[in-house]
1. What do you get for the angle between helix 154-169 and the principal long axis of the chain? Use alpha-carbon atoms, 0 to 90 degrees, nearest ten.
2. May I ask you to give the average projected area over all directions of the convex hull of the Cα atoms of segment 92-194, in nm² rounded to one decimal?
3. For Arg12, list long-range residues whose amide hydrogen, built 1.01 Å from N in the peptide plane, is under 5 Å from its own amide hydrogen.
4. Taking amide H positions as placed 1.01 Å from N in the peptide plane, with prolines and chain starts having none, which residues 5 or more places from Ser6, or on another chain, fall under 5 Å of its amide H?
5. Cα axis of helix 180-190 to longest principal axis of the chain: angle in degrees, 0 to 90, nearest 10?
6. If you take every DSSP beta bridge fully contained in the chain, what fraction is antiparallel? Give it as a percent rounded to 5.
7. Among the trypsin sites (Lys or Arg not before Pro) within segment 26-72, which fall in a DSSP loop and have no more than 14 other Cβ atoms within 10 Å of their own Cβ?
8. When only DSSP loop residues count, what GluC sites (Glu not before Pro) in segment 119-218 have their Cβ near at most 16 other Cβ atoms within 10 Å?
Amino acid sequence: MPSALSVLYSFRRCPYAMRARLALVAAGQRCELREVVLRNKPAEMLAASPKGTVPVLIVEDGSVLEQSLDVMLWALRRSDPQGWLQPEVGTLQDMLALVAACDDGFKPLLDRYKYPERHLDGGEPARERGAAFLLDLEARLSASQQLAGAHSTLADAALMPFVRQFAMVDTAWFNAQPWPRLQAWLSAWTTSELFERAMHKYEPWKPGEAGVLFPPSR
Ligand SMILES: N[C@@H](CCC(=O)N[C@@H](CS)C(=O)NCC(=O)O)C(=O)O
């Protein structure tokens with residue numbers, strides 16, 4: 001493991017960590033990945049970021065990024081060979097607004113749909129409200145192949161892990177909805193080489209051990 005690499009604390013199934021890893025892969029930005037077990041977070045991670053969520057990126061210069069969107073922007077501002085920060089439709093600000101709508105509006109509904117027992121307004125009412133957000137994505141995808149034009153952008157990668165989780169709560173229900181473009185978009189993303197690399201499985205990191213090099217080789 002070469003020294004002076006940025007360190008990413010990650011959890012494979014976390015949608016926030018997923019979007020960060022997708023951007024790191026798209027940017028070709030190498031880092032040392034440390035897979036975390038959320039019920040046993042490493043002291044090293046908590047020392048750098050006491051709020052205790054993943055992803056956390058500790059940059060080579062010691063600065064700490066503790067929001068998934070910041071990790072995405074950091075990676076893509078260093079290197080953006082696929083133009084993820086350059087949407088064909090709209091602006092970067094528009095994409096950030098869509099990500100905020102996902103994180104602040106859609107994600108709480110996803111949690112309520114996924115864990116109805118934890119919420120008074122969980123289950124189907126939450127699914128209906130979440131479906132309104134997905135209908136908006138379907139409309140965007142009727143106009144272009146990806147959310148902000150013909151090519152993939154930060155908006156697609158930032159939202160996809162959450163749409164995927166929503167779909168996975170009840171796959172039969174999701175597949176029965178009249179959202180052909182959203183279904184095709186999700187399927188293309190989840191079967192892509194990029195996603196496969198971002199989802200590579202790693203053993204949990206143990207303090208004192210070298211992490212693994214990420215992205216994995218093709
Ligand atoms: N706003 C944060 C949210 C990150 C987040 O909530 N991650 C979850 C896992 S998906 C987490 O680490 N939760 C802490 C825990 O479960 O202990 C971001 O965008 O990075």
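1. On a 0 to 90 degree scale, this one is about 70.
2. Orientation-averaged projected area of the Cα hull: 6.3 nm².
3. Those lying under 5 Å, H to H, from Arg12 are Val36.
4. The list, which skips near neighbours in sequence, is Glu32, Glu60.
5. Orientation of helix 180-190: about 20 degrees from the principal axis.
6. Expressed as a percentage, antiparallel bridges in the chain total about 65.
7. Arg30, Lys51
8. Details: sites: Glu128, Glu138, Glu193, Glu196, Glu209; in loops: Glu209.
Sparse-neighbourhood loop GluC sites (Glu not before Pro): Glu209.
Values quoted throughout were computed directly from the atomic coordinates according to the rules given, and no laboratory measurement underlies them. Please read all numbers here as calculations on a predicted model, not as lab measurements. Every residue, glycine as well, gets a Cβ built from its backbone with ideal geometry; the counts of neighbours run over all protein chains shown.
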